[in-house]
């Protein structure tokens, strides 16, 4: 898998250009969690070659510096901050469908996103027992041009890859916990914490049971994967 090294403005221009040209695009944010899954699953790694992959988080920054002699990424293009900017760069009123998270969370997120200059044409929680084909029919019927998928890594990326050939939507984005933040389920770290690149610690305090392994053992596993890649 190859993570693009782009400045924020360059990434926005790339995605806007592909959208306006109606070039179907799968966008994923490569955090340490996704990279670890791909390192253990060759099929997933191969599938991700068809995605636009952007760097998400301090782990990827450390990995890039390790591989590239101290040179990291140009910007931290994490999904929570960058996805709203992507939607803002698209033509006003672009039709968006939300898929994933809990019923009340995705419903609240859909209401909040209506103020972002997009038209939310549908929302479906991630707990309904719907097949990929059933979801595709529902999304296509909505006329969605953009689908935001919040099923967690790597389930959301796998779903996107399976659904993409059947969907009319131009842009599919794996957004992780975005709906939770938009709906107010979790608080963002204060700006000074974000600038210090310590938002991971702020999130860990809020969700210790879910995130403790990701921010301890999994970070170590990720750095080991990167170290091996460096010497391959």
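Quick look at the numbers
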read-out	value
Of all residues in segment 132-158 being in contact (Cβ under 8 Å) with a residue 12 or more places away in the chain, farther than 19 Å from residue 107 by Cβ and assigned to a helix (DSSP H, G or I), the one that is nearest to the chain's Cα centre (by Cα)	157
Enumeration of residues in segment 86-100 that are in contact with a helix residue (DSSP H, G or I) (Cβ under 6 Å, 6 or more places away or on another chain) and either at pLDDT below 95 or assigned to a helix (DSSP H, G or I) (or both)	86, 87, 89
All positions within segment 162-174 that are more than 15 Å from residue 23 (Cα to Cα), touching a strand residue (DSSP E or B) at 6+ places or on another chain (Cβ under 9 Å) and part of a helix (DSSP H, G or I)	163
Those residues of segment 76-103 which are touching a residue at least 12 places away in the same chain (Cβ under 8 Å), over 23 Å from residue 21 (Cα atoms) and surrounded by fewer than 18 Cβ atoms within 10 Å (Cβ to Cβ), in sequence order	102, 103
Residue selected from segment 53-63 under the condition crowded, with 18+ Cβ neighbours inside 10 Å and touching a strand residue (DSSP E or B) at 6+ places or on another chain (Cβ under 8 Å), by the criterion farthest from residue 14 (Cα to Cα)	60
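The values are calculated or read from the model by the stated rules, or taken from the named source; none is laboratory data. Quick caveat, the model's predicted, so the values are computed rather than measured. Neighbour counts are summed over all protein chains in view; Cβ atoms, including those assigned to glycine, are modelled from backbone coordinates with ideal geometry.
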